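Written out below as C-alpha cells is the structure these notes cover.
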Amino acid sequence: MILVSGKEVSSRVQDEIAIEVEKLKANGGKIPHLAAVLVGEDGASRTYVNAKVKACERVGFGSTLVKLDSDISEADLLAEIDKLNNDNDIDGFIVQLPLPKHINEQKVTEAIAPEKDVDGFHPVSLGKMVLDLPSFLPATPAGIIEMLRHYNIPTEGKHCVVIGRSHIVGSPMSILMARNTYPGNCTVTLTHSRTRNLTEICASADILIVAIGKPEFVTADMVKEGATVIDVGIHRIEDSSKKSGFRLLGDVKFDEVAPKCAFISPVPGGVGPMTIASLLKNTLLAVRLK
Ligand code: NAP
C-alpha cells in the first residue's frame, strides 16, 4: 500500500510556486495577491482560512483576510465582494463556505468576478471546465487530479466511482475523471444518497473518491483489493485527550481499508493540503491571465 501524501505533494507545488513568485519579482512583475472573506466565527472555517493565508505567506503572495460579522446582511456582503472585484491589487479571492443561513451562497458565488474566481465555483469556471477550456478548476477536485498525477496512478480505462455529487467536490470530480486526458479517461459512476447497491458499486471501483461527509462511512467490504481510495471527508471529532480538543477523521475507515489498497490518501495530510495548493495555483493563473 502506498500512502498518497497530499502534504508532500502540496509542499512540492508550493515550492514551485515560490520559485515563480521570485521570478515575477526579479522581472518587476505583479506579486500575486489572494484575499479570503470569512463570515462569522466558525472554528473549522477560521482554521481553513488561516491555513490559506499562511500558505500565501510561504510562497511570497500578498494576502488579505476580510473578517465579517455573522449577522452581516446579504447586501452588505455583496458590497464587500464588489469592492474586491474592483480592487486592482487583488488577483483572486475566495468566500469561505458555509455562509450563515440568511445568506444565499449561490448568489454570493455568482457575484464573484469570474476572472478572480480562484475557488473555481462560479458558473463560468464550471462551464469552461466542462468544455475543456482553460479555466480555474475547483480547488479540491483539481488537487486530487494533481495527487493522482504525482503518484502516476493509472486512470485510463479504469472504473472510477465518486461518492457524493456536491457542486464543489463530487460533480466536478466526476467530470474531470472522465476527461480525455491524464489523469482521466475513466469510466465514471457518480453516486449519491438515492443510489442503490452502493456497496457493490464501490466494490467494483478501481478508483474510489469519497466525498460523502459522513465520518468513516466507507468500510473494507466496499473496497476492491488493489483499489486507489481518495478520502475527501474531514470531520472534527471531540477528543479530550488531544491538546486541540478534537481529532480529525475522514469519510473512510482508514485502518481497515488501507491494507486492501494499492494507494490511499490519509486524513489529515491527504486532500486538505492539496486544496490549498490548487488555490495558490489558481491565483498564479489569475495573474497570468490578466
Ligand atoms: P455535501 O455537499 O454534504 O455532499 C455530500 C454528498 O454525499 C451528497 O451528494 C449526498 O447525496 C451524498 N450522500 C449522502 N449520504 C449518502 C449515502 N448514504 N450514500 C451515498 N451518497 C450519500 O458534501 P461536500 O461539500 O462535497 O463535502 C464532502 C466531505 O468533504 C465533507 O466531509 C467536507 O467537509 C469535505 N471537504 C473537504 C475538503 C478538503 O479540502 N479536504 C473540501 C471540501 C469538502 P445527495 O446529493 O443525494 O444529498
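The values are calculated or read from the model by the stated rules, or taken from the named source; none is laboratory data. The structure displayed is predicted, hence computed values, not measured ones. We place every Cβ from the backbone using ideal geometry, glycine too, and count neighbours over all the protein chains shown.
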Report task. Report, by residue number, each residue of the range 269-290 that is closer than 9 Å to residue 6 by Cα and in contact with a strand residue (DSSP E or B) (Cβ under 7 Å, 6 or more places away or on another chain). Result -> 270, 271
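Among the helices (runs of 4 or more DSSP H) lying completely within the range 86-194, list those that include at least 2 residues that are within 16 Å of the ligand (Cβ to nearest atom) and surrounded by fewer than 19 Cβ atoms within 10 Å (Cβ to Cβ). It would help to see each step written out before you state the result.
Numbers: elements: 105-111, 123-130, 139-150, 170-178.
The helices (runs of 4 or more DSSP H) meeting that bar are 105-111.
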Report task. Hey, can you tell me all the residues within the range 255-266 that are among the aliphatic types (A, V, I, L, M) and surrounded by fewer than 22 Cβ atoms within 10 Å (Cβ to Cβ)? Result -> 258, 262
Query raised in the report: Just a yes or no: is a residue in the range 16-35 free of Cβ contacts under 8 Å to residues at least 24 places away in the same chain, outside the structural domain of residue 236 (by TED's automatic domain parsing) and among the acidic types (Asp, Glu)?
Result: yes
Query raised in the report: Looking only at the range 122-161, which residues are closer than 20 Å to residue 86 by Cβ and without any contact (Cβ under 8 Å) to a residue 60 or more places away in the chain?
Result: 122, 124, 125
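Only one of these is more than 15 Å from the chain's Cα centre (by Cα) and of a type in the set (Asp, Glu): 156, 146. Name it. Steps first, please.
Values: 146 fails: more than 15 Å from the chain's Cα centre (by Cα).
On inspection, the qualifying residue turns out to be 156.
For the range 7-36, which positions are in a helix (DSSP H, G or I) and touching an Asp or Glu at 6+ places or on another chain (Cβ under 9 Å)? Full working, then the answer.
The first filter runs over the range 7-36 and keeps only residues in a helix (DSSP H, G or I), leaving 7-26.
Of everything in the range 7-36, those that are in a helix (DSSP H, G or I) and touching an Asp or Glu at 6+ places or on another chain (Cβ under 9 Å) turn out to be 9, 10, 13.
Anything in the range 267-285 that is within 13 Å of residue 92 (Cα to Cα) and either surrounded by 21 or more Cβ atoms within 10 Å (Cβ to Cβ) or among the basic types (Lys, Arg) (or both)? List them, or say none.
Step one: of the range 267-285, the residues within 13 Å of residue 92 (Cα to Cα) are 278-285.
Listed by number, the residues that qualify are 278, 279, 280, 281, 282, 283, 284.
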Report summary line: Over the range 1-46, the set of residues of a type in the set (D, E, K, R) and touching a strand residue (DSSP E or B) at 6+ places or on another chain (Cβ under 7 Å) is 46
